[in-house]
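Working notes for the structure below.
Since every read-out is calculated from the coordinates, none of them should be taken as a lab result. Not measured: the values here are computed from a predicted model. Reconstructed Cβ throughout: ideal geometry from the backbone, glycine too, with neighbour counts over all protein chains shown.
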Amino acid sequence: MTIHSSESQDSRTSSNFLRDIIAEDVCTKKYGDAVIQTRFPPEPNGYLHVGHAKAICINFILADEFGGKTNLRFDDTNPEKEEQEYVDSIQRDVRWLGFEWERLCYASDYFGQLYEWALQLIRAGKAYVDDLSAEEIRQHRGTLTEPGKESPFRNRAIAENLDLFQRMKAGEFPDGSRVLRAKIDMASPNLNMRDPVMYRILHATHHRTGDEWCIYPMYDYAHGQSDSVERVTHSMCSLEFADHQPLYRWFIENLGIFPSQQIEFDRLSVTYTLLSKRKLLQLVQEKRVSGWDDPRMPTLSGMRRRGFTPEALRAFVLTAGVSRTNGIVDIEMLEHFQRDDLNRRARRAMAVLRPLKLVIDNYPEGQQEFVEVANNPEDPTAGTRQVPFSREIYIEQDDFREVPPPKYYRLSPGKEVRLRNAYFITAQSVIKDATGSIVEVHCTYDPASRGGNSPDGRKVKSTIHWVSTAHAISAEIRLYDKLFSTPDPGDVPEGGSFLDNLNPASLEILADAKLEPSLAEAQAGDQFQFERVGYFCVDPDSSEIRKVFNRTLPLKDSWAKIEKKAGA
RNA sequence: UGGGCGAUCGUCUAAUGGUAGGACAGUGCCCUUUGGAGGCACUUGUCUAGGUUCGAAUCCUAGUCGCCCAGCCA
């Protein structure tokens, strides 16, 4: 497994109850000398999202801490919802997160064994074939407060059950006509124990086993036994399966097989984010987003395309922690870890998103020069590069105000600022178009301030970025914001839909940003900090002649805060 | 209204009968050739009521509130 030692160290600094349980089991030799074994068991019916990242990290990192192993197992017991596309994407995403599994498994690997075990339970008088319809089974189940009623088929002879079940497998009966049920207790206060269905008839083609089977095991019958086959010692799953634990144990005990144990923990929730597979699928199918990897999606593939990094995701998930409470983590925490990671690693570049032309009147026409710029001030080993400078440059529209508001330190008439790594300039005049908008700012520069410092020790209050007009490359910039505009988008009033909470401004496209020429070399996936603006990465939609950049996150903007406060 | 699980700063999470700590967010100051980054400081919390104890976030009792469960989904 590929995790950095510093990370597992970090995760160790703070305790969590899962680690405590494993440590206790190791200490008491609950599983003898057997190795700690975990598994990450997604159903291949959708793409992995940031919530899965938590389950992945927990399973892989915890096992690793105890010298154990982790399998990737596809819980593929429902052929109607599962596809190879999802199997492929899940493997890609787990690897991208930085983990390598011990074994790649499928619940469908165990269909034969599961069938044999079902026969064993029938022979023991602990399972029976029920002819009731789905509707009748539902009615017999009782309610939360009333016990269920036994099916009239519950006490069928063992030989008849055996015969019927074998014929179910042989394909003699249509879908829905019969099921195999465990014979437990129709009066149990736990609905999962009221003779749960073990097998249903489904004449569907499975993405791996094809038409080999027409009966498929239910989750409850397949999961624990799959764990047991793989000798999983700690089967960690989310809280909603807590009610299934007695059934998980019932099957294992009545089969007399390896005693895997289920432990539940809380799912990850993040503000302004939806992690329901059903709803994410709906966003894709209704084309509310461009696909599973739309950079606004909370899927791992979407976040990867957006520019999120596995290092940041792991640090976030580990720091958010694990417990048994239903909380919702502030998305700012995720963003913090992403900025923290990129701040350390991302190369800096100058890019003007919304260009305003600026002319330096006393800079010789036709002259050009190169200024030396650090690739990453946080990392001297990243080196420097030469950036062309000339008489006409682009600056950000936001960096000039004809009438500066209070505390505005950037360019305005008569004010002097620093052009990053270049010269001090002072704004002298503006040129406006017919509608009165400023189309050009004219300045003078101080030739003695080359590099960004004046020999007389004169200070300026701000530094702005720039790109030489003659050398700039044009690019498309996609500014992504939160997909939803409310902290809990799934929380919808009566009659409403989560779609009502979609943020209409989640994507803004800037068709003609001006970038420093070095960015022409950037390749898909490359990540940058555009100084003073934010973190960006090259989108795969880019071509040789035209780059497309995705904004991962903006930089923290304290001016925006000042402005907002003044406005309020 | 049956069963299960849970409740600690605004948010997430530690403290396992012995100083309520960390992270994010927020606030202020310092520093700064990114209004970035960084540094320093500060604010805010044990659901309620009883009880046990020298001592309770932790144990007990009773409440309150929240989440999950009635698929031939997982």
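Details
- Fewest-first sequence of A:M350, A:M193 by Cβ atoms within 10 Å of each Cβ: A:M193, A:M350
- Given A:K277/A:K482; A:K432/A:K565; A:K407/A:K564; A:K81/A:K126; A:K357/A:K482; A:K357/A:K432, the pairs whose alpha carbons are separated by over 21 Å: A:K432/A:K565; A:K81/A:K126; A:K357/A:K482
- At R0 = 51 Å, FRET efficiency that the Cβ-Cβ distance of A:D361 and A:T319 yields, to 0.05: 0.45
- Here's the picture: charge each Lys and Arg Cβ at +1 and each Asp and Glu Cβ at -1 in region A:444-489, and of A:G457, A:Y445, A:F484 the one pushed furthest to the positive end of that dipole is A:G457.
- Taking amide H atoms as placed 1.01 Å from N in the peptide plane, the amide H of A:F484 lies under 5 Å from those of A:N503, each 5 or more residues away in sequence or on another chain.
- Estimated Rh, chain A: Kirkwood, alpha-carbon pairs, angstrom: 27.8
- When shorter helices are ignored and each DSSP H run of at least 4 residues is given -39500 (n - 2.57), the per-residue value for chain A at 222 nm works out to -8500 deg cm²/dmol.
- Projecting the Cα positions of A:F111, A:I122, A:C57 onto the charge dipole of region A:44-148 (unit charges on Cβ atoms of Lys, Arg, Asp and Glu, taken about the Cα centre) puts A:C57 furthest along the positive direction.
- Distant-in-sequence amide H partners of A:T552 (H built 1.01 Å from N, under 5 Å): A:Y535, A:F536, A:C537
- Using θ = phi - 60° and Karplus 6.51 cos²θ - 1.76 cosθ + 1.60, couplings along region A:380-397 (whole Hz; Gly, Pro as x): x, 5, 6, x, 10, 9, 9, 10, x, 10, 8, 5, 10, 9, 9, 10, 6, 3
- Amide H contacts of A:H49: A:L300, each under 5 Å away and 5 or more positions distant or on a separate chain (H built 1.01 Å from N in the peptide plane; Pro and chain starts excluded).
- Look at where the Cα atoms of region A:268-299 and of region A:72-145 average out, and the two centres are 25 Å apart.
- As a proxy for reagent exposure, ranking A:K459, A:K415 by other Cβ atoms within 10 Å from fewest up yields A:K459, A:K415.
- Three-way shape label, region A:477-568, alpha-carbon gyration tensor, a/c 1.5: oblate
- Principal axis dimensions, region A:252-344 - Cα atoms, whole angstrom, descending: 51, 36, 22
- Under the Karplus curve 6.51 cos²θ - 1.76 cosθ + 1.60, θ = phi - 60°, whole-Hz ³J(HN,Hα) for region A:16-23, x wherever Gly or Pro sits: 8, 5, 5, 4, 4, 5, 5, 4
- Our estimate of slack between A:A242 and A:R92, defined as 0.36 nm per intervening residue step minus the Cα-Cα distance, is 51.0 nm.
- With a Förster radius of 25 Å applied to the C-beta separation of A:R231 and A:Q285, the computed FRET efficiency comes to 0.05.
- Treating each Cα of region A:99-256 as an identical point scatterer and summing with the Debye formula, the log10 of I(q)/I(0) at q = 0.11, 0.14, 0.18, 0.20 Å⁻¹ comes to -0.45, -0.73, -1.18, -1.41.
- Where GluC sites (Glu not before Pro) in DSSP loops with at most 10 other Cβ within 10 Å are excluded, longest remaining stretch of chain A: A:81-285
- Cα gyration tensor shape of region A:404-446, rounded if a/c is under 1.5, else prolate or oblate by comparing a/b with b/c: oblate
- Between A:F153 and A:K561, the contour length at 0.36 nm per residue exceeds the alpha carbon distance by 139.9 nm.
- For region A:321-329, backbone phi angles converted through the Karplus equation (6.51, -1.76, 1.60; θ = phi - 60°) give residue-by-residue couplings of x, 9, 7, 10, 9, 9, x, 9, 7 Hz, Gly and Pro being listed as x.
- Per-residue Cβ neighbour counts within 10 Å put A:T381, A:T299 in the sequence A:T381, A:T299, beginning with the fewest.
- Net charge dipole, chain A: roughly 1040 debye, given to the nearest 20, about the Cα centre with Cβ charges of +1 for Lys and Arg and -1 for Asp and Glu.
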